[in-house]
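Take a look at the structure below.
The values are calculated or read from the model by the stated rules, or taken from the named source; none is laboratory data. Quick caveat: nothing in here was measured; it's all calculated off a predicted structure. In this analysis, Cβ positions are derived from the backbone assuming ideal geometry, glycine residues included, and neighbour counts consider all displayed protein chains.
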Amino acid sequence: MSEKEMLLQACYGYVNKRIDSYKNEIETIKDAIENNKSSDDEDDSGSGKLMHDLEKNMQYLSDAAKMKDVLNQINPKSSTSSVGLGSIVKTTTNCFFISISAGEIKLENKSVYAISMGSPIGLALSGKSPGEQLEFNGNKIKIDEIK
């Protein structure tokens, strides 16, 4: 399995775990709402909080589904000469996987940071080619390699 395939698999694992967690939380909240309705119809404050929590978790679930849609657009076998979605970008300071904001992924004793194209560093790297330099947060970063 290639480095990009392993990173993509790790990102799918991250998203699927979030989706499962939100689905479980939503079911728990729905059960609590049902139990709250049958036990005490006069107490609306508990139901209001539960409904708010339900809406919040539904939004989180939607956001996680959008992250999965982004991952579905990545072809692990493709490579480009400039930074774009699905690129592995090795710089003088770090290695980035342009995908979703999933944080640090450990691969064979090295760290790769899964970042989204819309993140500040993702936007700064976007469209750049090997050998190009950029300044980010006061640091000069040189792109060494793109896979």
Report summary line: Residue hits (segment 104-114; free of Cβ contacts under 8 Å to residues at least 24 places away in the same chain and either surrounded by 12 or more Cβ atoms within 10 Å (Cβ to Cβ) or β-branched (Val, Ile, Thr) (or both)) are TYR113
Report summary line: Filtering segment 59-73 down to residues that are under 30 Å from ASP144 (Cα atoms) and either surrounded by fewer than 15 Cβ atoms within 10 Å (Cβ to Cβ) or touching a Leu at 6+ places or on another chain (Cβ under 6 Å) (or both) yields ASP69, ASN72, GLN73
**Report entry** Residue check for ILE143: touching a Pro at 6+ places or on another chain (Cβ under 7 Å) and surrounded by 12 or more Cβ atoms within 10 Å (Cβ to Cβ)
**Finding:** yes
Query raised in the report: Within segment 74-103, restricting attention to residues that are among the aliphatic types (A, V, I, L, M) and farther than 14 Å from SER119 by Cα, which residue is surrounded by the fewest Cβ atoms within 10 Å (Cβ to Cβ)?
Result: ILE88
Requested in this report: Determine which member of the set LYS4, LYS56, LYS23, LYS49 is surrounded by 11 or more Cβ atoms within 10 Å (Cβ to Cβ), part of a helix (DSSP H, G or I) and at pLDDT below 95.
Outcome: LYS49
